[in-house]
Amino acid sequence: MLSYIIQGGNELNGNVVASGSKNAALPIIATAILNPEPVTLYNIPDIEDTKITLEILKLLGCKITKNNGKITICSKNMNKTAIPKELMHKLRSTVVLAGAIIGRFKEATFSYPGGCNIGARPIDLHLDSFKKLGITIDEREEYIHCKCDKILGKRIKLKFPSVGATENIILSSVYAKGATHITNAAKEPEIKDLAKCLNSMGAKVFGAGTGEITIFGVKKLHKATYKIMADRIETGTLLCAVAGAGGSVTVENTNPENLLTVLYSLKEMGCHIKINKDKISLQAPKQLKAIDIETEPYPGFPTDMQPIMGALLTKAEGKSNIKENIFENRFKYTEELIRMGANIIQEDKNIEITGVTELVGKEVMSKDLRGGAALVIAGLMAKGETKVNNIEYILRGYENLDIKLKSLGANIKKEKVN
Ligand code: EPZ
């Protein structure tokens, strides 16, 4: 098991560069399955989730070459359409690989991705959408077998603007006969990035970023090179780290447009924020102010920033309320914060945080990706030493988080424990 050892109390100052987006990288890597021509990608973060996704593509017969920051994937000789169960469970988002495999090979076999620590994570919206596109779904012995003669473009109205289901409909419709139209599509920036990447290889995806997306089927795709967007959640995490620890930071190579609700919340808390095209600067205030937050599908406040904000608000003066509307089990991190001295009461989908509490360093356990990041923020603010265990969760989604924080002045080191 790996841990972070953090000595709290240091101010953080300086510049740091955001990595590529985990949640854009995964569906964009899947485009290389759809496209038999070489796909070269830049800015793919070197994190567990992308490593596992690339490992799956290799197992499916794709050729992958990496050199100084670029990854070239060629699926011309891809010869398998079944995602191995053991890898499927390692990573929930492999379900979007299914959409790409079906889109190209008209068949795919995969298993239920399995819930994770923030909720049941069902895929009913994905499967219902596949059925509407003419794909038969056969569920036997834990595996889901999808098959069709051809994919017929259809109008699909999503009950909920699911990010993954929207991505799967787009990927499986690229070569469809006719056109597919999604109503109530997810509007997340990662969907826009996926569409931009697909269109750079000859697909015809329109409206991404809005609730209405149309995909006109094409016959083939051509080779492409694409640089993926910056990670907006990593950017928000780094900004919150400085807001809590004190100091000032400029996050570079990022896109302020993609996290406006987070920036506004930080401003409401008293932070001084300056934005320009691809940079965000934050100066921490002497005293943070309490605010209320409610998570919503994009462009609302992102659920992935909820735990990180929860940790930060322990240092805000007054009572803050957070309502989590997206996932049913995303407050697990609060148990650990309470052990560090936080004053947090949960009632169903709401938590009330009373600040200011001077957190005290403790040995704590990461229980999921963003909850783990919340504990790192808490450790940076706490008095004394905090040991964050099970940071494998954090390494799934953050590239070199400790190195970036250390470059800003944090006293943090990674340690292997038995
Ligand atoms: C993506 O997950 C992200 N993951 C999540 O980031 C993010 O929190 C989420 O979108 C919401 O923005 C990736 O992109 C790899 P959803 P996804 O489908 O696609 C319910 C992180 O920390 N739902 O929009 O799984 C679901 O249970 C991760 O980086 C169904 O009911 O999210 C949830 O309550 C965590 N049926 C809600 O919709 C379905 O078929 C949102 O899920 C699908 C989803």
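Observations
- Of all residues making up the stretch 310-353, the number that are among the hydrophobic types (A, V, I, L, M, F, W, C), touching a strand residue (DSSP E or B) at 6+ places or on another chain (Cβ under 6 Å) and within 16 Å of the ligand (Cβ to nearest atom): 4
- The single condition among (1) near the ligand (Cβ under 9 Å from one of its atoms); (2) at pLDDT 95 or above; (3) in a loop (DSSP other than H, G, I, E, B) that Ser129 does not satisfy is (3).
- Among the residues of the stretch 296-305, just one is touching a strand residue (DSSP E or B) at 6+ places or on another chain (Cβ under 6 Å) and more than 9 Å from the ligand (Cβ to nearest atom), namely Phe301.
- Evaluated against (1) within 20 Å of the chain's Cα centre (by Cα); (2) part of a loop (DSSP other than H, G, I, E, B), Pro285 falls short on exactly one condition, (1).
- For the stretch 198-220, the set of residues classified as buried (at least 21 other Cβ atoms within 10 Å of the Cβ) and in contact with a strand residue (DSSP E or B) (Cβ under 9 Å, 6 or more places away or on another chain) consists of Leu198, Met201, Ala203, Val205, Ile213, Ile215, listed by residue number.
- Here Pro38 meets the list (1) under 20 Å from Ala230 (Cα atoms); (2) of a type outside the set (Gly, Ala, Ser); (3) modelled with pLDDT of 95 or more almost entirely, failing just condition (1).
- Matching residues in the stretch 90-101 - criterion: being free of Cβ contacts under 8 Å to residues at least 40 places away in the same chain and touching a strand residue (DSSP E or B) at 6+ places or on another chain (Cβ under 7 Å): Arg92
- Of the residues contained in the stretch 165-173, none is found to be at pLDDT 95 or above, over 18 Å from Ala98 (Cα atoms) and either buried (at least 17 other Cβ atoms within 10 Å of the Cβ) or out of contact with any strand residue (DSSP E or B) (no Cβ under 9 Å at 6 or more places or on another chain) (or both).
- Some residue of the stretch 18-27 being part of a loop (DSSP other than H, G, I, E, B), out of contact with any Pro (no Cβ under 9 Å at 6 or more places or on another chain) and surrounded by fewer than 15 Cβ atoms within 10 Å (Cβ to Cβ): no
- Cβ-Cβ under 7 Å pairs, at least 6 apart or on other chains, the stretch 117-135 side of a type outside the set (A, V, I, L, M, F, W, C), far side assigned to a helix (DSSP H, G or I) and within 7 Å of the ligand (Cβ to nearest atom): Arg121/Arg92; His126/Gly164; His126/Ala165; Ser129/Ala165
- Qualifying residue in the stretch 64-84 (condition: at pLDDT 95 or above, among the charged types (D, E, K, R) and buried (at least 16 other Cβ atoms within 10 Å of the Cβ)): no
- Taken together, Asp149, Asp193, Asp124, Asp138 contain a single residue that is within 16 Å of the ligand (Cβ to nearest atom), in the same structural domain as Ser75 (by TED's automatic domain parsing) and more than 30 Å from Lys227 (Cβ to Cβ), which is Asp124.
- Residues of the stretch 79-126 that are small (Gly, Ala, Ser) and in a helix (DSSP H, G or I): Ser93, Ala98, Gly99, Ala100, Gly103.
- The set of residues in the stretch 354-372 being more than 20 Å from Glu317 (Cβ to Cβ) and either within 16 Å of the ligand (Cβ to nearest atom) or polar (S, T, N, Q) (or both) consists of Ser366, Lys367, Asp368, Leu369, Arg370, Gly371, Gly372.
- Scanning the stretch 58-78 for residues that are free of Cβ contacts under 8 Å to residues at least 24 places away in the same chain and part of a loop (DSSP other than H, G, I, E, B), we see that the one that is farthest from Asn23 (Cα to Cα) is Asn77.
- In the stretch 153-190, residue farthest from the ligand (Cβ to nearest atom) [restricted to those that are polar (S, T, N, Q) and part of a loop (DSSP other than H, G, I, E, B)]: Asn184
- Against the test of being under 24 Å from Asn23 (Cβ atoms) and at pLDDT below 95, the options Asn325, Asn329 yield a single qualifying residue, Asn329.
Residue-wise test of (1) touching a His at 6+ places or on another chain (Cβ under 8 Å); (2) of a type outside the set (Gly, Ala, Ser); (3) within 13 Å of the ligand (Cβ to nearest atom); (4) closer than 27 Å to Leu359 by Cβ.
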| site | (1), (2), (3), (4) |
| --- | --- |
| Ile5 | no, yes, no, yes |
| Val17 | no, yes, no, no |
| Asn23 | no, yes, yes, no |
| Pro27 | no, yes, yes, no |
| Tyr42 | no, yes, no, no |
| Asp46 | no, yes, no, no |
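- If the condition is being surrounded by fewer than 24 Cβ atoms within 10 Å (Cβ to Cβ) and within 16 Å of the ligand (Cβ to nearest atom), then the stretch 394-412 contributes Leu395, Arg396, Glu399.
- Candidates Gly318, Gly300, filtered to the one that is on the phi > 0 side of the Ramachandran plot, modelled with pLDDT of 95 or more and loosely packed, with under 15 Cβ neighbours inside 10 Å: Gly318
The values are calculated or read from the model by the stated rules, or taken from the named source; none is laboratory data. Values in this document were obtained by computation on a predicted structure and should not be read as measured data. Glycine gets a Cβ as well: all are built from the backbone with ideal geometry, and neighbour counts include every protein chain shown.
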